[in-house]
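K.L.:
Okay, here's the structure, questions in a sec.
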Amino acid sequence: MNGDRGIWEWSDRIAPVDVRARISLGEGNTPLVRSRRLGRAVGIEHLYFKIETSNPSGSYKDRFATVAVSDLLARGRRRCLATSSGNTGAALATYCAAAGIECTIAILETTPRHKLAQMLAHGARLLRVRGFGVDSAITHSTLEQLARIGEAHGTPPQISAFRYSPVGMSGVRTIAYELAESFVREGRGLDHLFVPAGGGGLALAVALGFETLGPADHSAPRIHVVQPEGNDTIASPLRHGSDTARSVDCTTAISGLQVASVIDGDAVIRHCRASGGKGYAVSDAMIWETQRRLAREEGIFCEPAGAVALAGAIRAAAAGEIEPSASVVCLVTGSGFKDATSLERMNRDLNVPTIELDELETRLNG
């Protein structure tokens, strides 16, 4: 089942799964692209983007799904029970379809319609839970109830967090391995890594990934956590010296980062602080503007959540918290096709006129 492809080349560093059960659609080995314009504009000389939008379902969550679904197959499970704000569900639906496994997903109330369409296209059964992802108590209760149901049926729920799904999340650590390998080839160290966070699983995964590498394999970066101000469960506690994350009533409109409860937050703070990282909380308006700039100044097409890391890096550079000569990577986590509403917002000042043929030359020369 193509078990020797994708992230499985790192199989000795992620959760063990029988090679006969491994499902791969070519996930991982995503591009690391150097900034051509934005880096200079914001004062970061060596700015890079890790483009996770090139994964099969359009986000980094495929690294989670390939291991999670393969593990289900290896254990003889024929059903995947999951929860998602969008990208986890799309990834799991994709890999479950490839594996021939039934996929049922409890989704956030605010999940964008295009992410729902992607899950449905792969045959997933969806249940939208009112208040899930917005109200911290409902979010916590939903996750705990899914864990109980999964335990009763012998099928642990696939939730992209180490607290619930450490096997699947081990696949996300491969981002760190790829970055370390890339910078060894570049002949330079990686100084700063900016990571968007909802529940914090991605930040924890890359931190753990770098921790498993020996000193000869990489130059350990400082791992910074960036969150929308309206879902600031981790960023401010990390910045201000707290050892614990906090639950909030989520007010951000940034899809994919609407996780009102703590989940992996405490561990994120511990590991990212140990790396020398800081927390950055940025406004929705800044995130949308950064998404627009990525598209128009770098040619990088991402959803708003995919622009959050860069928004944090811009904030850090403006505050003088990044050395001008430092190497900086921002994770671009999901495709622009994931959130049609944000594209409408990005293009609301534009229109496409319909003209007569005899006007074409005048318009083109105008």
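K.L.:
Can you find, among 254, 93, 184, the residue sitting farthest towards the positive end of the charge dipole of the chain, where Lys and Arg contribute +1 and Asp and Glu -1 at Cβ?
P.N.:
Highest projection toward the positive end goes to 93.
K.L.:
For segment 61-165, what is the charge dipole size about the Cα centre, in debye to the nearest 20, if Lys and Arg each add +1 at the Cβ and Asp and Glu each add -1 at the Cβ?
P.N.:
Details: 13 positive and 7 negative charges, 33 e Å.
Charge dipole, segment 61-165, about its Cα centre: 160 debye, nearest 20.
K.L.:
Considering only C-alpha atoms, what is the centroid distance from segment 81-159 to segment 43-62, in Å?
P.N.:
Rounded to whole Å, the Cα centres lie 24 Å apart.
K.L.:
Would you indicate which of (i) 5, 23, 32, 26, 12, 2, 0; (ii) 5, 20, 24, 21, 15, 10, 5, 1; (iii) 6, 26, 35, 23, 8, 3, 1, 0 is the value of P(r) over Cα pairs in 10 Å bins from 0, in percent derived from the coordinates of this structure?
P.N.:
(iii)
K.L.:
How much length is gained if the chain between residue 19 and residue 354 is pulled fully straight, taking 0.36 nm per residue apart and subtracting their Cα-Cα distance, in nm to one decimal?
P.N.:
115.1 nm
K.L.:
Shifting gears a bit: On a full-extension model of 0.36 nm per residue, what is the gain between residue 297 and residue 137, subtracting their alpha-carbon distance, rounded to one decimal in nm? Walk me through the numbers before you get to the answer.
P.N.:
Values: separation 160, 0.36 × 160 = 57.60 nm, distance 4.06 nm.
Extra length from residue 297 to residue 137 when fully extended: 53.5 nm.
K.L.:
Using the beta-carbon distance between residue 33 and residue 151 and R0 = 35 Å, what value does 1/(1 + (r/R0)^6) give for FRET efficiency, to the nearest 0.05?
P.N.:
Details: r = 42 Å, r/R0 = 1.21.
Given R0 = 35 Å and the Cβ-Cβ separation, E is 0.25.
K.L.:
For the charge dipole of segment 61-165, defined by +1 on Lys and Arg C-beta atoms and -1 on Asp and Glu C-beta atoms about the Cα centroid, which residue among 161, 104, 139 has the Cα displaced farthest towards the positive pole?
P.N.:
Towards the positive end, the residue furthest out is 104.
K.L.:
Still on this structure: Work out the length of the dipole vector of the chain about its Cα centre, built from +1 on the beta-carbon of each Lys and Arg and -1 on the beta-carbon of each Asp and Glu, and round it to the nearest 20 debye.
P.N.:
620 debye
K.L.:
Show me 159-171, 223-235, 180-192 ranked by packing, highest mean number of other Cβ atoms within 10 Å first.
P.N.:
For the peptides 159-171, 223-235, 180-192, the packing ranking is 223-235, 159-171, 180-192.
K.L.:
I'd like the antiparallel share, as a percent to the nearest 5, of DSSP beta bridges with both residues in the chain.
P.N.:
Antiparallel: roughly 15 percent of the beta bridges in the chain.
K.L.:
So if I take the centroid of the Cα atoms in segment 181-207 and the same for segment 291-366, what is the distance between those two points in Å?
P.N.:
Here the answer is 22 Å between Cα centres.
No value in this document is a laboratory result; all are computed from the given coordinates. Computed from a predicted model, the values in this text were never measured in an experiment. Methodologically, a virtual Cβ is constructed for each residue, glycine included, from the backbone with ideal geometry; neighbour enumeration extends over all protein chains shown.
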